[in-house]
Amino acid sequence: TVLDQPVKYPKKKPAQVSSSIVQLEPGQETGWRKYNAPTYAYVLEGTISVEYDAGVTKEYPAGTALMEAEGVWQNGTNKGDQPVRMLLVNMGAKGVKNTVERAP
């Protein structure tokens, strides 16, 4: 992953792969969340800044492909002046949430 973790695929439930396009307008944030399953991301447009609870902040410009950190709280922010669009591919398991949002 982006934090040098080994990728571990869920083994106890049937596999379920899903995808989505996420768009963040300038100044918009994802909110603190963590991924419970391997998640591939590809930045289609703009640059996203991601702060990880592990004390690391990384910038991902358009054209960047990455495996998201697993089990680590993170918050993505569009600090630019154009929308950020990303393709997310979740490689999870049936009945298991791919993403968990941090309670306020």
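The values are calculated or read from the model by the stated rules, or taken from the named source; none is laboratory data. For clarity, every value in this text was computed on a predicted model and none was experimentally measured. We place every Cβ from the backbone using ideal geometry, glycine too, and count neighbours over all the protein chains shown. Ligands, DNA and RNA are stripped out before the accessible areas are found, and what is left, the full protein with its side chains, is counted by its heavy atoms. Shrake-Rupley method; radii C 1.70, N 1.55, O 1.52, S 1.80 Å.
Run Lys8 past the list (1) at pLDDT 95 or above; (2) open to solvent by 80 Å² or more (accessible area, probe 1.4 Å) and report the number of the one that doesn't hold. Of everything listed in (1) at pLDDT 95 or above; (2) open to solvent by 80 Å² or more (accessible area, probe 1.4 Å), Lys8 misses just condition (1). Out of the residues in the range 32-51 that are closer than 20 Å to Gln16 by Cα and of a type in the set (S, T, N, Q), which is surrounded by the fewest Cβ atoms within 10 Å (Cβ to Cβ)? The qualifying residue surrounded by the fewest Cβ atoms within 10 Å (Cβ to Cβ) is Asn36.
The set of residues in the range 55-66 that are open to solvent by 50 Å² or more (accessible area, probe 1.4 Å) and either in contact with a strand residue (DSSP E or B) (Cβ under 8 Å, 6 or more places away or on another chain) or among the acidic types (Asp, Glu) (or both) comprises Thr57, Lys58, Glu59, Pro61, Ala62, Ala65.
Every listed requirement among (1) modelled with pLDDT of 95 or more; (2) out of contact with any Lys or Arg (no Cβ under 7 Å at 6 or more places or on another chain); (3) more than 18 Å from Leu87 (Cβ to Cβ) is met by Trp73 save one, (2). The set of residues in the range 27-65 that are charged (D, E, K, R) and over 13 Å from the mean Cα position of the chain (by Cα) comprises Glu45, Asp53. Selection of first residues in the range 53-71 that are without any contact (Cβ under 8 Å) to a residue 40 or more places away in the chain and of second residues that are open to solvent by less than 50 Å² (accessible area, probe 1.4 Å) and assigned to a loop (DSSP other than H, G, I, E, B), restricted to Cβ pairs under 6 Å at least 6 apart or on distinct chains, gives the following pairs, ordered by first then second residue: Asp53/Val72.
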